[in-house]
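Working notes for the structure below.
The values are calculated or read from the model by the stated rules, or taken from the named source; none is laboratory data. Only a predicted model underlies this, so the values are computations on that prediction, with no experimental measurement involved. Glycine gets a Cβ as well: all are built from the backbone with ideal geometry, and neighbour counts include every protein chain shown. The protein model used for the area step is the full one, side chains on, heavy atoms only, and it has no ligands, DNA or RNA in it. Shrake-Rupley method; radii C 1.70, N 1.55, O 1.52, S 1.80 Å.
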Amino acid sequence: MIEWTDELIAQINSYNRAALSYMGLDGYPVTLPLPFTFGGAQHRFTLPKPAHPPAISAEGGGQTSLTLLRYEPQVMNERYLLFYGQLADHDDGWSFTPSRVVLPRWGGRREA
């Protein structure tokens with residue numbers, strides 16, 4: 001379970017890009033760069049659904065991740081925040097509800 005602290009929500013709000021990854025019907029991973037919005041009260045991400053997204057494998061339906069990305073000019077590198085969770089299909093797009101977060105730290109990573 002994720003501890004939704006003010007610090008974590010502030011981190012989420014500092015990111016401006018996302019990559020949604022899931023298992024496609026052919027068994028290969030699919031990664032889509034997408035804009036996102038975050039609903040802090042629901043702890044859920046909203047993503048637009050592409051016009052013709054690759055289908056999601058029924059077996060891999062629970063294997064969805066969302067990586068938030070931002071470029072930091074001071075260190076001339078990308079920063080990321082990785083979530084695992086459930087993707088839901090809606091008429092107007094997708095929603096992603098995270099169940100686990102990988103918090104990066106200098107020299108390693110930390111899971112919560």
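If a residue has to be surrounded by 16 or more Cβ atoms within 10 Å (Cβ to Cβ) and in contact (Cβ under 8 Å) with a residue 24 or more places away in the chain to count, how many in the range 30-42 make the cut?
Residues that pass the stated criteria total 3.
Scan the range 30-54 for residues that are within 17 Å of residue 85 (Cβ to Cβ) and either assigned to a helix (DSSP H, G or I) or in contact with a strand residue (DSSP E or B) (Cβ under 6 Å, 6 or more places away or on another chain) (or both) and jot them down.
30, 31, 32, 34, 36, 37, 38, 44, 45, 46, 47, 49, listed by residue number.
So, in the range 1-29, of the ones that are part of a loop (DSSP other than H, G, I, E, B) and in contact (Cβ under 8 Å) with a residue 60 or more places away in the chain, which residue ends up most open to solvent (accessible area, probe 1.4 Å)?
1
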